[in-house]
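These notes concern the structure reproduced below.
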Amino acid sequence: MFMEPENGLGWYDAANKTLNLLVGTQSPDGDMNDVLEMFTGNNPVVEVKTVNIISCYPGGGFGGRDSSVFTLNLAIAAAYAGGKPIRLAYDRFEQFQAGLKRHACELTESLSVDDDGKIQALDVMMSFDGGGRENLSPWVAQLAGLCAGGSYSIPRAAINSNAMYSKNISGGSQRGFGGPQAFFAIETLLDEIAKDNGWDPIELRRKNTLYEGENTVVGGPITEKLRLHEILDKSEDHDIWRHQKREKERWRKEGLLYGVGFAMSMQAFGTSGDGLIGYVELDSKGQLVVKTNAVDMGNGSATTLAVSTAHHLGRNASSIDMGNPDLYPVLKMNSDSKGSWKEADWTANGVGSSSACLTAFHQVHAINQASKVLFDTAIVPVAREIFGLPDIPAHDLIWKNERLYAKDRDLPPIPMDIIADVIHRTGRIKGALVHAYFQEIWVKADFAVQGITHNWEIDGLAVYSAGQKKPVIIRRQANSGRYPSPASSRYSRTTFAPCGNIIGLTVDPVSGEAVVRKSLSVLNAGQIITEELVSGQSQGGVAMAIGYSLLEDMPPGLGGPADGDWNLNQYFVPRAGDVALKGQELITLDPLKDDKRGKGIAEAVMCSVAPAISNALYDATGVRFRDLPITAEKIRKGMDKNG
């Protein structure tokens, strides 16, 4: 569910055959194309030649507004309103009835471990309930197949993951993309194996963790330092883990059972086939403007992208235009499936929808590269002229306090507004629009701009000059570049955000009520761009996971929210008292020297909280719970059955 129901405005301009929509969406590019396609065909009743989407902030979207039918419904209502502007708004009950849901998943899993504690084989059958509309179900099931192996080196695996049609409300990417389901299974199984054999659960994981140079369970290479051992070490050394016996006794005196559980995840981020757009412009007053098709879903993309210009341009952006669907068409690139990297205008993927995990690694890269293009083609030439140093290397031009210095030269620094004034008076390059593509690696190619060849990690480029209305499109040079290997399309994902979670909770032996008292998240977030946003994402992940682990429940079919009678009176979400605000702690690993990029951490913390809760419940009650949510009634019945 969303904390805010969906709503939008629409109006049809018959004279120009234009449909205008103002709506909160994760995928303005996709919605624009879907709406236009809906009004094509022979002799449509309403002729639509242009769709104009004004994308608003969708709030805490997190998957629920990805491939949502709301925009299509709004478009239909606006087109058939007789030229009058309309507002379509869902109330809370309609939102519960029509909104996307997390995929329910039934799975059977077997894990084989030898006498030394080394995993030998994994056998998994997963069936995801996609509801009556495909949405993103196939890709949720696909990512779950990768996540089924967890963070571990597994020599033999048989994984079958399916997304199935049903009569239920559509499942989508709402608050979890296959990872939460898959990690829950393997992390609770590992805990069960450890407890049955009298092994330490953290040591069992330590024996089996993946390392750089190994392969994931689906064959993809691990190309980065995951640092899983550091996560295990910091978790094992934390007070919540070390003082379990003392806390058990303390809570026992209050008539409550206490348990501690650990779990680890290695959530993949991105799609390993991501096309990104970024535009950066230096205006006449020396201020920076950023434009992107990306949407801020409450995950802080606007803040993060606005500060991403500083590395190459010395200052943050003063304004940012989010959710702009007009950028990619400017490049006139081809993403036809029959094309290839041999074509200078071809890319494997134009644009995709925004997701909460695409910012720090993916979208930041596009803005970073657009900033670098602007630095190389605009800032450097002007600086050389002002300094009177025509041969000074670009890397000797250094920003400090928003002024440009010539390294090791006794020359006064140049303020940004002076550089901007020269650029705009002389009609030089003032803005750069780039397209970047990631699949195991970033595509990298040569581009010739004003007679000088540059090598950037992009595959498409247009530059804007002061005084000119239209940009100049610059294609990749032939026989230059670094492109993904053919095999990489089979890897599924190669970028990961590892995290370990410890949960300490109490259980009332009479009522069965479970209350999370303490939580620790140890996260490898790579290079952190905005610390406060990482902290907020972590807190949100813990809260969401507590919700779907212990509280949030609904029956399938017409007995659930499909009947239109559901609201927060029946669907119980966690409140402040449920999420241990004072007992919540986040530890982020310090980035390594060669770790220059951030990681997409949207689901990273969330994925291992649920199995940690389940493992803590077993530690407290001696009962294994394998069905989420683990409500107080289930806990009470489980303890009664167990005697």
Gain upon complete extension [residue 73, residue 249; 0.36 nm per residue less C-alpha separation]: 57.6 nm
Determine one quarter of the surface area of the Cα convex hull of the stretch 258-300, which equals its mean projected area, and express it in nm² to one decimal. 6.6
For the stretch 441-498, with all protein chains present and a 1.4 Å probe, just round the carbon and sulfur fraction of the accessible area to a whole percent. 49
Label residue 403 and residue 592 with points 7 Å out from Cα along Cα→Cβ: what is the distance between them in nm? 3.9
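In nm, what is the difference between 0.36 nm times the number of residues separating residue 453 and residue 340 and their Cα-Cα distance? Show your work: numbers first, answer last.
Numbers: separation 113, 0.36 × 113 = 40.68 nm, distance 2.26 nm.
Extra length from residue 453 to residue 340 when fully extended: 38.4 nm.
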Evaluate the relative contact order of the chain (contact order divided by residue number), counting alpha-carbon pairs under 8 angstrom at least 6 apart; express in whole percent. 15
Stick to the Cα atoms of the stretch 14-57, pair each with every other, and give me the Kirkwood hydrodynamic radius in Å at one decimal. 11.0
Work the Kirkwood hydrodynamic radius out for the stretch 235-346: mean of 1/r over every pair of different alpha-carbon atoms, inverted, in Å. 19.3
For the stretch 524-642, evaluate the Debye formula with one uniform point scatterer on each Cα (no solvent term) and list log10 I(q)/I(0) at q = 0.09, 0.10, 0.15, 0.20 Å⁻¹, rounded to two decimals. -0.35, -0.42, -0.82, -1.12
Residue 389-residue 527 FRET efficiency (beta carbon distance; Förster radius 51 Å; 0.05 resolution): 0.95
Sorted on mean Cβ neighbours within 10 Å (highest first), peptides 6-13, 107-114 come out as 6-13, 107-114
Quick check for you: which residues of the stretch 412-441 have the amide N under 17 Å from the point 7 Å beyond the Cα of residue 215 toward its beta carbon? 440
For a quick check: with amide H placed at 1.01 Å from N, whose amide H comes under 5 Å from residue 458's, ignoring anything fewer than 5 positions away on the same chain? 445
Considering only C-alpha atoms, what is the centroid distance from the stretch 180-199 to the stretch 229-256, in Å? 18
Rounded to the nearest Å, what's the spacing between the alpha carbon centres of the stretch 45-111 and the stretch 24-38? Just the number, please. 10
antiparallel share of DSSP beta bridges within the chain, to nearest 5, in %, is 75
Coarse-grained scattering of the stretch 74-233 at q = 0.12, 0.17 Å⁻¹, given as base-10 log I(q)/I(0) from a Debye sum over alpha-carbon atoms: -0.63, -1.00
Can you work out the base-10 log of I(q)/I(0) for the stretch 163-223 at q = 0.19, 0.22, 0.28 1/Å, using the Debye formula on its C-alpha atoms alone? -0.91, -1.00, -1.15
Projected onto the charge dipole of the chain (+1 at Lys/Arg Cβ, -1 at Asp/Glu Cβ, origin at the Cα centre), which of 485, 564, 432 gives the Cα projection farthest towards the positive end? 432
Could you work out the percent of alpha carbon pairs in the stretch 418-537 separated by over 18 Å, rounded to a whole number? 73
Need one word for the stretch 339-451: rounded, prolate or oblate. Basis is the Cα gyration tensor (sqrt eigenvalues a ≥ b ≥ c); a/c below 1.5 gives rounded, then a/b vs b/c decides. prolate
Solvent-accessible ranking of 80, 571, largest area first, probe 1.4 Å: 80, 571
Can you compute the helix-only [θ] at 222 nm over the chain? Use -39500 (n - 2.57) per DSSP H run of at least 4 residues, normalise by all residues, nearest 500 deg cm²/dmol. -7500 deg cm²/dmol
Please give the solvent-accessible surface of residue 84 in Å², to the nearest 10, using a probe radius of 1.4 Å with every protein chain present. 140
So what's the gap between the Cα centers of the stretch 433-461 and the stretch 552-609, to the nearest angstrom? 37
Overall Cα dimensions of the stretch 178-284 - principal axes, largest extent first, Å: 69, 42, 25
What is the percent carbon and sulfur in the accessible area of the stretch 526-629, measuring with a 1.4 Å probe over the protein chains and ignoring ligands? 51
Where the stretch 174-278 is the region considered: accessible area per residue in Å², 1.4 Å probe: 38
Based on alpha-carbon positions alone, could you give the equivalent ellipsoid semi-axes of the stretch 1-151 from the gyration tensor, as √(5λ), descending, whole Å? 42, 16, 12
Over the stretch 78-199, what is the percentage of antiparallel beta bridges among all DSSP beta bridges, to the nearest 5? 50
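Given the chain, what whole percent of its Cα pairs are spread farther than 34 Å?
Everything past 34 Å amounts to 48 percent.
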With a 1.4 angstrom probe the carbon and sulfur portion of accessible area for the stretch 224-335, in percent, totals 47
Ordering of 529-535, 317-323 by burial proxy (mean other Cβ atoms within 10 Å per residue, highest first): 317-323, 529-535
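The values are calculated or read from the model by the stated rules, or taken from the named source; none is laboratory data. Only a predicted model underlies this, so the values are computations on that prediction, with no experimental measurement involved. No Cβ is skipped: glycine too gets one built from the backbone with ideal geometry, and neighbour counts run over all protein chains shown. Accessible surface is based on the protein model in full, side chains and every heavy atom, while ligands, DNA and RNA are left aside. Shrake-Rupley method; radii C 1.70, N 1.55, O 1.52, S 1.80 Å.
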